[in-house]
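Here's the structure we're looking at; comments come further down.
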Amino acid sequence: MKDLGYISQEISKGKNLAVNLTKYSRGLSSMYHGLGFIKLSMNYYTVYDIIKEDGFTDSQYDGILNRFNQVISNQILPLAQLNTDDEEYEEKLKNLTDTACIDEIRNDIIKIMEVVTAFVDRLRIYEYVLNRIEYRYTQDVPDREYYGMYLTNDIMHYILADKDNVVINSKISEIVGQLPMRLSREKFFEYLREAFTLYHGAQKSTIDDFAYTLRTSAMIGSMAGLREKFPECYDIFKTLDNADYASADKAEYDRLRGALTIASEKITDCADMFVLLAQMVNDAYTILLTGKEAFLDVEEIQNGAAIIFEVNKCFLDENAQLSEELLGRFEAFEGKQERILSVVSKCDFAVDLAIANYKEKLLESGQLDIYTALAKTAKLQSGSDFVSLEINGLLEEVPENAYADGVCEELIAQLAESFKSKTQLVRRAVMSSVLSQLPVFFNSTEEIQNYINLSLEQCNDAAEQMAVIEVMKLLKD
């Protein structure tokens, strides 16, 4: 395996492909296979521990976890124990590495997380609104001298304290999302159009993903999925969505704030657990995709399988107990995950390169499916837990500039329509949320400062001024 980097370089030069393509796929599959067992065993134990100690329960989660436990017991563990001397080895290997079940589980998790993400985006909108009215119910008054003379300087200092442009841009987006929103709709839509011109020349999928992010940030789209999957949260959503924030008294404010807190805690707990479940599914998927090519009888696989076996037994039998030796098994993984990732990160480029440039040779040698599986595996291990594993040729195309412009106009039309049914406070919250998702639209520090000054100057609401001061203090701290 130490020569995998060298082999990948040889493939990139087109050298000795008949031998190198096979060596590379076997070596990389083995790397990913071992990595999958290491990560799966760690997350599987973590999820079991959380459920046992914290008592987390959710009917949807429990249902998907039960299905996943069956994949573990019916495919992952038997695969780790498979013997090449078995007369039915090939047939068993084919059945054990079938990905239909794990693919269906993964797709179900993604659908749930799309609902969760849409709900979280809505909660951010309502939190923004509630923060802006919070100080109506106190006797405090804003420090107008600080607000009018020093706040802009403090904000600019916060933004420019770092030299890294990525960090600076992140802080600008953060600030834009919290400043008083006083833009006209026309100016707001102008910023949107400018943002989409930056996507001229981008792939269709990139443009569509950007538009999707803005739509969820703007609360565009049905929440029927929330009603179906999280009925308690849906009831709270309707409470927050139908509230009259402009005329809310202290009692109503407290009721709405309490509803927001309950919903945030519940959905955050669910999101965290579903992310862990998605990561486990991705690692199990990795194991199945690489099982046909990987070396199976290696230490990290057998050690990981032993941990997974114990945890799986406890999931399936409530009377089972984890052994005292289990935690000690994790010590054997120390440093291995980092070493595997170090090797993989330097040589995984050869997968796409081979598919793009040596497709005929891969077909001739019967390895195209293997390399396609490795391409999927790379996505599963990319760190993007919900990435699509399919490659749609149409989505990878670079359309004419008019496509991005058309997507933008469609989004603007949807926003204009949604604004008709929203109060001024909610509209402003939506606009702030969307602007914070745009690529930074300032060309100089002077433009940033002017934008901040204008936002602050046009806000005459004492409660919102106090809210902005408090938010900026929190950001600086």
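The values are calculated or read from the model by the stated rules, or taken from the named source; none is laboratory data. What you see is a predicted model, and the numbers here were worked out from it, not measured in a lab. Using ideal geometry, Cβ is built from the backbone for each residue, glycine included, and neighbour counts are taken over all protein chains shown. Heavy atoms of the whole protein, side chains included, go into the accessibility calculation; ligands, DNA and RNA do not. Shrake-Rupley method; radii C 1.70, N 1.55, O 1.52, S 1.80 Å.
Only residues in the range 181-196 that are within 23 Å of ASN131 (Cβ to Cβ) count as the first member; pair them with residues that are among the charged types (D, E, K, R) and open to solvent by 30 Å² or more (accessible area, probe 1.4 Å), Cβ under 6 angstrom, at least 6 apart or cross-chain, and list the lot.
Here the result reads MET181/ARG428, each pair linking the range 181-196 to a residue that is among the charged types (D, E, K, R) and open to solvent by 30 Å² or more (accessible area, probe 1.4 Å).
Give all pairs with beta carbons closer than 7 Å in which a residue from the range 299-322 that is surrounded by fewer than 15 Cβ atoms within 10 Å (Cβ to Cβ) meets a residue that is of a type in the set (S, T, N, Q); count only pairs at least 6 apart in sequence or on separate chains.
Note: pairs meeting the criteria are LEU316/ASN69; LEU316/SER73.
Give the residue, chosen from LYS92, LYS23, LYS15, LYS39, that is closer than 14 Å to VAL281 by Cα and either charged (D, E, K, R) or crowded, with 16+ Cβ neighbours inside 10 Å (or both).
LYS39
Would you mention how many residues in the range 242-285 are free of Cβ contacts under 8 Å to residues at least 12 places away in the same chain and small (Gly, Ala, Ser)?
Of the residues in that region, 3 qualify.
Would you mind stating whether SER184 is open to solvent by 40 Å² or more (accessible area, probe 1.4 Å), more than 30 Å from GLU457 (Cβ to Cβ) and out of contact with any helix residue (DSSP H, G or I) (no Cβ under 8 Å at 6 or more places or on another chain)?
Criteria not met by SER184.
Within the range 223-241, is there a residue that is outside any helix (DSSP H, G or I), touching a residue at least 60 places away in the same chain (Cβ under 8 Å) and within 23 Å of the chain's Cα centre (by Cα)?
There is at least one residue in the range 223-241 that is outside any helix (DSSP H, G or I), touching a residue at least 60 places away in the same chain (Cβ under 8 Å) and within 23 Å of the chain's Cα centre (by Cα).
Among the residues of the range 48-62, count how many are among the polar types (S, T, N, Q) and under 16 Å from ALA278 (Cα atoms).
Total meeting the criteria: 1.
Is it true that some residue in the range 418-429 is among the basic types (Lys, Arg), open to solvent by 50 Å² or more (accessible area, probe 1.4 Å) and either free of Cβ contacts under 8 Å to residues at least 12 places away in the same chain or over 26 Å from MET219 (Cβ atoms) (or both)?
Yes: the range 418-429 contains one or more residues that are among the basic types (Lys, Arg), open to solvent by 50 Å² or more (accessible area, probe 1.4 Å) and either free of Cβ contacts under 8 Å to residues at least 12 places away in the same chain or over 26 Å from MET219 (Cβ atoms) (or both).
So if I check each of ASP86, ASP62, which one is exposed (fewer than 15 other Cβ atoms within 10 Å of the Cβ) and either of a type in the set (Ser, Thr, Tyr) or modelled with pLDDT of 90 or more (or both)?
ASP62
Where the second residue is open to solvent by 10 Å² or more (accessible area, probe 1.4 Å) and not charged (D, E, K, R) and the first is in contact (Cβ under 8 Å) with a residue 24 or more places away in the chain and lies in the range 36-47, which pairs have Cβ atoms under 6 Å and are six or more apart or on separate chains?
ILE38/PHE333; ILE38/GLN337; ASN43/LEU276; ASN43/GLN279; VAL47/LEU276
Where residues in the range 396-416 are of a type in the set (D, E, K, R) and modelled with pLDDT of 95 or more, which of them is least open to solvent (accessible area, probe 1.4 Å)?
Per the stated criteria, the residue is ASP405.
Given GLU252, GLU265, which one is modelled with pLDDT of 95 or more and open to solvent by 30 Å² or more (accessible area, probe 1.4 Å)?
Within the list GLU252, GLU265, the selection yields GLU252.
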